[in-house]
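Please treat every number below as a calculation from the coordinates, not as lab data. Please read all numbers here as calculations on a predicted model, not as lab measurements.
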Amino acid sequence: MKGREKALDSRNLIAFALAFSASLPSLNSTVAAQQYLFGRADFATGKTPVAVATADFNGDEKPDLAVVNAADNTVSILLGKPEGTFQPRQEYATASGLSIAVADFDRNGKLDLAVGGGDTISILRGNGDGTFQGHIDYPSAGGRSVVAGDFNGDGKIDLAAVGAVALSILMGNGDGTFQPHLDYTVHTEGTLSSAAVTADFNGDGKLDLAVANSCDCYRCSSLRSTSRTGSSTFRAQRHPPG
């Protein structure tokens, strides 16, 4: 009996951990959708989901999901339901897929998607009802991580995209299109940049960037904004220095 109780305890712990892991099953997985077991429910996506974002894509005040699928270069949209479950996925093609950012790029009050991967950023403009238009692609230094923000203070959303050896800034035009990328080197020899976040780190009212560098360098690079309205420039620093 004690052995059976121990097995049940282990099962509960595993289910609890998985419920908070944000791991989603691939298309080929066995899926028990719409049913929670030990606090976990699974919902089908495309193949090899690698990134997920949440927002209200259809204006019903319920959180929805956008899941980037690396193996088939798609993004799966799962619209939220009142009981905390999701409708069956709707899939949209992208050029490639590793990362995602959500923002209103064309300032029409409807959320859009930026999906990064390879050396391309795919823009999918939202229709406001949970559906999206076909992707329009922009070259970049990479798409390992993509973040959105107004980096030059002109009221238009811009993008920062992390590549293996550089970070690209794509200035937004405010109509859902973007200018050619400007690149900043942030890695050190023998490292690869892998992820980025944006915030005002020094309190000057301008968005800065922090980039994580993988491999064995134990460093994070920060890019402090020196932008003026209408233009975007950054000064790179490494932490710890070296």
Legend entry - Residues of type aspartates and glutamates that LYS156 reaches as a straight line, Cα spacing below 20 Å, ignoring anything fewer than 8 places off in the same chain: ASP104, ASP106, ASP112, ASP137, ASP175, ASP183, ASP200, ASP204, ASP208
Legend entry - Extension gain (nm, one decimal) between PHE201 and GLU91, 0.36 nm per residue minus Cα-Cα: 35.9 nm
Legend entry - 3J(HN,Hα) from dihedral phi, region 115-123, Karplus parametrisation 6.51/-1.76/1.60, rounded to Hz, x for glycine, proline: 10, x, x, x, 10, 9, 10, 9, 9
Legend entry - Vicinal HN-Hα couplings computed from phi for region 132-137 (Karplus, 6.51 cos²θ - 1.76 cosθ + 1.60; Hz; Gly/Pro x): 9, 7, x, 6, 10, 10
Legend entry - Which listed pairs, of LYS62/LYS110; LYS47/LYS81; LYS110/LYS206, have C-alpha distances above 19 Å, in listed order: LYS47/LYS81; LYS110/LYS206
